[in-house]
Number of protein chains: 2
Amino acid sequence: MYRSHTCGELRASHINNEVTLSGWVQKSRDKGFIVWVDLRDRYGITQLVFDEERTPKDMMDKAQKLGREFVIQITGTVIERASKNPNLPTGDIEILVSKMDILNESLLPPFTIEDKTDGGEDIRMKYRYLDIRRNPVKNSLIFRHKVAQEVRNYLSKEGFIEVETPYLIKSTPEGARDFVVPSRMNEGQFYALPQSPQTFKQLLMVGGIDKYFQIVKCFRDEDLRADRQPEFTQIDCEMAFVEQEDILNAFEGLTRHLLKAVNGVEIAEFPRMLYDDAMRLYGNDKPDIRFGMKFGELNDVAQHKDFGVFNDAELVVGIAVPGGNSYTRKEIDKLIDWVKRPQVGALGMIYSRCNDDGTYKSSVDKFYDQDDLAKWAEKTGAKAGDLVCVLSGPTNKVRAQLSALRMELAEQLGLRKPDEFAPLWVLDFPLLEWDEDTERFHAMHHPFTSPKPGQLELLATNPADVKANAYDLVLNGNEIGGGSIRIHDKKTQALMFEYLGFTEEEAKAQFGFLMDAFQYGAPPHGGLAFGLDRLVAILHGKETIRDFIAFPKNNSGRDVMIDAPAPLDDKQLEELSLKLNLKS
Amino acid sequence: MYRSHTCGELRASHINNEVTLSGWVQKSRDKGFIVWVDLRDRYGITQLVFDEERTPKDMMDKAQKLGREFVIQITGTVIERASKNPNLPTGDIEILVSKMDILNESLLPPFTIEDKTDGGEDIRMKYRYLDIRRNPVKNSLIFRHKVAQEVRNYLSKEGFIEVETPYLIKSTPEGARDFVVPSRMNEGQFYALPQSPQTFKQLLMVGGIDKYFQIVKCFRDEDLRADRQPEFTQIDCEMAFVEQEDILNAFEGLTRHLLKAVNGVEIAEFPRMLYDDAMRLYGNDKPDIRFGMKFGELNDVAQHKDFGVFNDAELVVGIAVPGGNSYTRKEIDKLIDWVKRPQVGALGMIYSRCNDDGTYKSSVDKFYDQDDLAKWAEKTGAKAGDLVCVLSGPTNKVRAQLSALRMELAEQLGLRKPDEFAPLWVLDFPLLEWDEDTERFHAMHHPFTSPKPGQLELLATNPADVKANAYDLVLNGNEIGGGSIRIHDKKTQALMFEYLGFTEEEAKAQFGFLMDAFQYGAPPHGGLAFGLDRLVAILHGKETIRDFIAFPKNNSGRDVMIDAPAPLDDKQLEELSLKLNLKS
C-alpha cells in the first residue's frame, strides 16, 4: 500500500496518527539542522519535516538530497505545525518522517511546476505531462470531467440514450475537408473520420431512438487558426417527434442545469433573439448580452447632409461607449487606429462626445448640428458622459467592424465578466450563405436543415431570403451550440440537394442511404450539437480551449510531445496500396 | 407538440383523458366496420381504434389505408378496452381516435419489424435503421447505455477522472496493425488511430492524474474474424501509487457494482487463480467456472502401460462429463468426431464409462484394468453415472483441445447459464509469448508491462519462464478485461525494449517521449482495460457483440448501409500527396 492518506487530506484532527503518503517533492527548504519538504499529489500539499534531533542521520542526509519532482513515499507521525499556514488546507499540521523511500528520481524539470510557471507555451506542450502536474491545467481537466459527467447524468435522467456512432465512415465533399483512412482490406478505398455524427444520429431517429446524445470526437482537416484543433469534442443530440420549441426547452434545461451544478449560478432570463435582430443590434450572430452597447442605425439622421462618407454608405451605425466622454483625444485616436487595423478594416471612425451639460462635440461638427447629434445619442442610447462611435460602409462589413469595436471596448471597460453568464438563443438563421470562393450558395448549417414552413419555394427565386428552422445557443458572446429541425422526407431532401448544386447521381452516391431511410417512415426530428471544448472553457471563465484538452495539437496539427504525425514505413504504405506523391 | 404521452405510458387511470400520441404503425386489423391499429414508439405499443359508429367516414377511410411503418400523429380519448391484453402494459385501454395526421408514409419494409424478424443478417445490416426499431436491437442499445452510465458514475464516485486522449496519434510497428491517417498539413506524414490510449494514460499518471478512466474507441486493422470489429470500445483505466492488489480491489468493486446495478446479481465469491493453474485445470486462460469439469492430469496413472498413444504423449488429461454414462455409443462417436474436426484437431478420444455399480467400461479395456480406471475417475472427479473423456498429445495443444471439448459439452448440457455470473481474476501471466511466425518472443500484454519482482534478470536466460505483474478479468469464460502494473523507470523500460528486439534507435523513435517522461518523476502505476462491447454482451447473457453496436461493420470491414469505405476523389488524393499503388 503506497499511501494511507492523500496529500490534501490531513488536518489537526489527525495529530498523533501514523500515516503513509506518496507524492512529488514540490520544494524543500534546508536549514541544515532542519529540512522541510512540500509533498504534492493530485489532492494537495502536505509539509514533511526532518530535523537533527528526531531524524536519524542517514535519513537526514537523504532528505537533504531530495530534488524537485522526486517521487517519494514516507511514513511518519502527524504533528502540530509551529507556524501554521492558513492558506493551505493542511496548513495546521506537518509530518515528522520516520521512514522514506525514493520511488523515482527526477531530472530538473524544464520549467517550474507552479501555478505561475516560467515555461513558455512550446516547452510546456513538449512536456505536457509535466504541465498537467500544474494546478491550472490539472484543475481544467478535472473541471472538464465534471461538466461531461453533469451533461451525461442530466440527459440520461431526461430519457436520452447515449449511442456510439462509428468513426470509420464515408468521405463526402460537402462541408469541411475530411480526414481519411485508407482501407487495407478494401484496396484503393478510404474511410473518413466523422466531421460530426450528423447522418447517423438522423438514422437513429429513423430507427426510433427518440432521444439520442453522445459526447464524441469529431475531425476536420482545415487550416488551423489559433484555438482550433483538428480533433474536437461535441455533445451531439437529436430528438424525434419534436418541434423547435421542444428542443429549445430541452437544452435550455441542460444549460441551466450545467450553470447551476458546475458554477452555482441560477439563470433568471434565457432570452431568444432573431438572427436578423442580432445582426442589426449587435452586428453579430453570437452577441454578448452581458452588457448593452446596442447598435443604433443612423442612416435617416446622418445621411442627406453634406457629409459624403455617410451619404455614400449603405449603413451608418453607431454605439454608445459608457463614460467614453472621459477619453482623451489621444485615447480616441488609438480607438480609430484600432478599427483601421487590417484585422478590423474600417476606413475611419466618427465620434461624438456627449458632454455633461447636454451639448455634443463631434469630429464632424462641420456637417452636423447639436440637434443632429442629439438624434445620434438618442438612437444609440448614449447618455451625458458617453461617447458615440460611428462607422459606415457596406452593411455586412460595417456591422462586423462595429461588432469588433464593441467587443474590444467592452473588454477594455471590464464589461465581459468571466463569472457572469448570459445565455441566448439566436433563431431563424438563413438557410443558405453565399460563398465568395465558389460563387455559389452553401448550406449555412448543413444540407439536412429544413427551411421555415412555406419558404421552400423561395429557394428558386430568392435563395438568400430563405430562413431555416435553425438555432444557435450563445453564451457570453460565444456560440456554444447550434442545430436545426431537419428535413425528414425524401422529396424535400432531394430538392435541397438540387438547390445546393448536387447532381442527382452525386446526391445518391453520397447520401442515398439517408434518402432511402426517409422512405421507410422517418419521423419529424431535430437536434443540436455543443462544442464541448469551448463550452468547458467558457464555463470556467476562459476563452481559449487548449488548457481544457489533455493533449492538444499545435497550429500545424502536430503533437510535439509524441512527435506526430510521422513518416510511415514503406511496408505499411505498400500494404495500403499507396505511394507518396510529394509536391516538394 | 407532437405528443402528450408516449405509446408505453397510458393505463386504466387515464380513461376519459384526451391524449395525443405519435409513432409508427406496427400493424392494423381491418374488420370493415372497425379498424384496430397498434401504434409503436420507443416506449411501447398502444392500441388505436376507429369504428363506423364513432369515427367520421373520411378518417375511417384513411385508417383503412394505413400501411406498416407509416408515421402518424393522433389525438383521441382513452377508453377501456373490451378484450384486455394482459401481456401489454397498455393492454387495459385503447384510444378512440378523433384526429389523425400522417406524418410520413413508408414503403413496405424489407423485413418484419418484430422481435423475431424474417430478415437475414445481410439485409438487416443494410437497413440497420429499421433493424434498430426492433425491440431486441433497441433494447441492446439502451442496455449498453445503462452499462456505460453505471461505469462512469461508479468510477467518478471513486475519484476517477475521465480524460479524453487524442485520436490522431503516432503509428508504431509494435502490436497489431494501425489504421493510419495521412496529414495534409505535414506532407508525406501520417497519424495513426489509437489501438488503445496506453501511452497517454501512462503519461497522465506521470502528470499526476492519479485515477484515470475513459470510455474510448480503439482501432485495429486486423483481418476480421467473426465477431471482431475494426473499431471497438474500451473502458480504459489507470491508477498511480498502486500495487496489483489495489487495482484488483478497485475493479472487483466496479464489476460487483455493474452486476448489482445492471443485473440485480450479488456476487458472493470473486476468486483469483494463477495463470499456470488456469491452464492446468481448464486448459485455458479464461476459464468458465460456472461449472466444474476440471481437468485431471493422468500421466502417472495412464502412462507406462502398454498403450503407446498415451506413453508417447507429453500430456494425458481427462475430464468427467456429469451424467455422461447415459450417452449411447453413437453419441460418444459424435463427440469423438467433434474433437477430430480440424477446428479442434485431436487425433482421437479415449473414454471410460463410470457405471452405477462402481465398475468401469473404457474404450481401452485392453490396456487398463478396473483399478487403473478408478484412478482416472478419481483424478477427474468422476462419479458413478459420469463419463471420463481423455485426450493426449503435446501439452499446449491437448489442453486447448480438451478445453474446447469441455466448453462444447457444457453448452450441450446447459451448464453455461446466461443469467448466472462467475467472475474470476487470472493472475501472473507470462511476460512473453513465443510467436511462431516471426520466431521471436513478443510481449504477451504489451512492452510496458512490468515483470514480477526479481525476474527481470531471467529474461536473458529463461525468457519463457518470466512472469508478469499482469492480470485478466474473466467473466463466464470470456476475457472482459486485462491489465498490468507498468514499468515506471527508464532503465527497465529500455532493457525491456532491448529484450523485445528493438534497437536503441527504434525504441527512441517510437517511445522516446515515454522514456523521457519516466525521467521526470514517474510514479509507480498500473491499470487495465475492459472491452465494453463484449462486457455488455455478456452482462446481457449473449456472446456475440454485433447487436450491441449501433452501426457495426461486416467481416470485410465494410459498413454496408452507408457503403463505406469508398474510393476518393483524385483531388483529395492529390491534396494528401498520395497516389494509389494498386496490386491488382
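The sole residue among A:286, A:361, A:305 that is at pLDDT 95 or above, in the same structural domain as residue A:406 (by TED's automatic domain parsing) and open to solvent by 10 Å² or more (accessible area, probe 1.4 Å) is A:361.
State whether one or more residues within region A:532-549 are at pLDDT below 95, more than 21 Å from residue A:220 (Cβ to Cβ) and within 9 Å of chain B (Cβ to nearest Cβ). No: zero hits. Just one of the numbered conditions (1) part of a helix (DSSP H, G or I); (2) in contact with an Asp or Glu (Cβ under 8 Å, 6 or more places away or on another chain) is not true of residue A:550: (1). Against the condition outside any loop (DSSP other than H, G, I, E, B), at pLDDT 95 or above, closer than 23 Å to residue B:383 by Cα and of a type in the set (Ser, Thr, Tyr), how does residue B:368 come out, does it pass? No: the conditions fail for residue B:368. In summary, residue A:76 fulfils each of the numbered conditions (1) touching a Ser or Thr at 6+ places or on another chain (Cβ under 7 Å); (2) open to solvent by 20 Å² or more (accessible area, probe 1.4 Å) with the single exception of condition (2). Return a yes/no flag: does region A:455-464 have any residue that is in contact (Cβ under 8 Å) with a residue 40 or more places away in the chain and surrounded by fewer than 23 Cβ atoms within 10 Å (Cβ to Cβ). Yes, there is a match, as at least one residue in region A:455-464 is in contact (Cβ under 8 Å) with a residue 40 or more places away in the chain and surrounded by fewer than 23 Cβ atoms within 10 Å (Cβ to Cβ).
Name the residues in region A:293-302 that are open to solvent by 40 Å² or more (accessible area, probe 1.4 Å) and in contact (Cβ under 8 Å) with a residue 40 or more places away in the chain, would you? Passing the criteria: A:294, A:297.
Out of the residues in region A:21-46 meeting the condition of being assigned to a loop (DSSP other than H, G, I, E, B) and under 23 Å from residue A:140 (Cβ atoms), tell me which one is least open to solvent (accessible area, probe 1.4 Å). Going through the qualifying residues, I end up with A:42. Just one of the listed residues (A:492, A:544) is of a type in the set (Ser, Thr, Tyr), part of a helix (DSSP H, G or I), touching a residue at least 12 places away in the same chain (Cβ under 8 Å) and open to solvent by 10 Å² or more (accessible area, probe 1.4 Å), namely A:492.
Between A:105, A:69, A:94, the distinction of being in contact (Cβ under 8 Å) with a residue 24 or more places away in the chain, under 26 Å from residue A:131 (Cα atoms) and open to solvent by less than 30 Å² (accessible area, probe 1.4 Å) belongs to A:69 only.
Among the residues of region B:217-230 satisfying the criterion of being more than 9 Å from chain A (Cβ to nearest Cβ) and hydrophobic (A, V, I, L, M, F, W, C), which is most open to solvent (accessible area, probe 1.4 Å)? Among them, the one singled out is B:226.
The number of residues in region B:272-297 that are hydrophobic (A, V, I, L, M, F, W, C) and in a loop (DSSP other than H, G, I, E, B) comes to 4. Would it be correct to say that residue B:81 is over 15 Å from residue A:521 (Cβ atoms), over 24 Å from the mean Cα position of the chain (by Cα) and charged (D, E, K, R)? Here the answer is yes, as residue B:81 does meet what is asked.
Can you tell me which of (1) farther than 30 Å from residue B:517 by Cα; (2) open to solvent by 50 Å² or more (accessible area, probe 1.4 Å); (3) out of contact with any helix residue (DSSP H, G or I) (no Cβ under 8 Å at 6 or more places or on another chain); (4) part of a helix (DSSP H, G or I) is the one residue A:534 doesn't meet? So residue A:534 meets the others, but not (1). Residue count for region B:423-447, restricted to those that are open to solvent by less than 10 Å² (accessible area, probe 1.4 Å) and over 30 Å from residue B:407 (Cα atoms): 1.
Taken together, the residues in region A:126-158 that are more than 7 Å from every other protein chain (Cβ to nearest Cβ), in contact (Cβ under 8 Å) with a residue 24 or more places away in the chain and part of a helix (DSSP H, G or I) amount to 13. Could you say whether any residue in region A:517-530 is closer than 20 Å to residue A:450 by Cβ, within 11 Å of chain B (Cβ to nearest Cβ), touching a Phe, Trp or Tyr at 6+ places or on another chain (Cβ under 8 Å) and part of a helix (DSSP H, G or I)? Scanning region A:517-530 turns up at least one residue that is closer than 20 Å to residue A:450 by Cβ, within 11 Å of chain B (Cβ to nearest Cβ), touching a Phe, Trp or Tyr at 6+ places or on another chain (Cβ under 8 Å) and part of a helix (DSSP H, G or I). Among the residues of region B:140-188, those that are within 30 Å of residue A:571 (Cβ to Cβ), out of contact with any strand residue (DSSP E or B) (no Cβ under 8 Å at 6 or more places or on another chain) and of a type in the set (A, V, I, L, M) comprise B:176, B:185. Regarding residue B:162, is this residue of a type outside the set (Ser, Thr, Tyr), more than 7 Å from chain A (Cβ to nearest Cβ) and surrounded by 16 or more Cβ atoms within 10 Å (Cβ to Cβ)? Taking the combined requirement at face value, the residue does not satisfy it. Please determine whether any residue of region B:231-244 is within 28 Å of residue B:488 (Cβ to Cβ), over 18 Å from the mean Cα position of the chain (by Cα), modelled with pLDDT of 95 or more and surrounded by fewer than 23 Cβ atoms within 10 Å (Cβ to Cβ). Yes, region B:231-244 has at least one match. One residue stands out among those in region B:1-19 that are more than 10 Å from chain A (Cβ to nearest Cβ) and hydroxyl-bearing (Ser, Thr, Tyr): the one that is farthest from the chain's Cα centre (by Cα), which is B:13. Please find, among B:576, B:568, B:580, the residue that is at the interface with chain A (Cβ under 8 Å from one of its Cβ atoms), open to solvent by 40 Å² or more (accessible area, probe 1.4 Å) and of a type in the set (A, V, I, L, M, F, W, C). After ruling out the rest, the residue left standing is B:580.
A quick yes/no check of all residues on (1) more than 23 Å from residue B:130 (Cβ to Cβ); (2) of a type in the set (Val, Ile, Thr); (3) at the interface with another protein chain (Cβ under 7 Å from one of its Cβ atoms):
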site	(1), (2), (3)
A:169	no, yes, yes
A:175	yes, no, no
A:178	yes, no, no
A:191	yes, no, yes
A:198	no, no, no
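The values are calculated or read from the model by the stated rules, or taken from the named source; none is laboratory data. Here the structure is a predicted model, which is why all the values come from computation and not from measurement. Please note: Cβ atoms are built from the backbone with ideal geometry, for glycine as well, and neighbour counts cover all protein chains shown. SASA here: full protein model, heavy atoms, side chains in, ligands and nucleic acids out. Shrake-Rupley method; radii C 1.70, N 1.55, O 1.52, S 1.80 Å.
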